[in-house]
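Colleague: Before we start, here is the structure in question, set down as structure tokens.
Derivation of every value follows stated rules applied to the coordinates shown; laboratory data play no part. Quick caveat, the model's predicted, so the values are computed rather than measured. Using ideal geometry, Cβ is built from the backbone for each residue, glycine included, and neighbour counts are taken over all protein chains shown.
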Amino acid sequence: MADSGIPVDWVHCRGALAVAPVAACETEPQTNHLVARLLPSGPSKSSEDAMGYANVTAEGGNYASAFVPEVRAQAPRFEVASDLLMGYVLAHEIGHCLLGPHHSETGLMRGGWNRRDAGEISRLSLHLTKQEARKAVARLTLAEGAAQR
Ligand SMILES: [Zn+2]
């Protein structure tokens, strides 16, 4: 995300790194907040994004989820560590939150990653396209403005 010009500020709401209850964890996310969830179960229905899920409209959404068991199961196929793959799955789903439900032909937002993409993941070089990055930054800039009103 940082490579795309998107600063990320993590707030841990649950788990060992959780901070004392903060407002951001107790209410619906503001327009400039995205909720990243690591889910302990698999998808309820099969889809091409079986390692993760984002509930989005054409304008985007606020919840990005990764299915932990599915990511761990598929990591060997991609020949990358499961925690690295988990990060990319979350980044892809966060991409849907910023860009909407569509997939691209190349990069982070491809519908299904192949071995070449896996190689880029292992080199930390699978990104949003320049056009996607511009669109995501524009959406976040709008959301920041809305949140400060
Ligand atoms: Zn997707």
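Colleague: Sort by residue number and name the cysteines in the chain that have no neighbouring cysteine Cβ under 4.7 Å.
Modeller: So far as the 4.7 Å Cβ criterion goes, 97 stand without a partner in the chain.
Colleague: Quick one: compute a quarter of the convex hull surface over the Cα atoms of the chain and quote it in nm².
Modeller: Over every viewing direction, the Cα hull of the chain projects on average to 9.1 nm².
Colleague: Let me ask something else about it. With a cut-off of 8 Å between alpha carbons and a minimum separation of six or more residues, what is the relative contact order of the range 2-148 in percent?
Modeller: Relative contact order comes out at 24 percent.
Colleague: Sticking with this one: Note down the net charge around residue 60, summing +1 for each Lys or Arg and -1 for each Asp or Glu among other residues with Cβ under 13 Å from its Cβ.
Modeller: -1
Colleague: Here is a follow-up. Determine the gain in length on full extension of the stretch residue 84-residue 13; use 0.36 nm per residue of separation and subtract their C-alpha separation, reporting nm with one decimal.
Modeller: 23.4 nm
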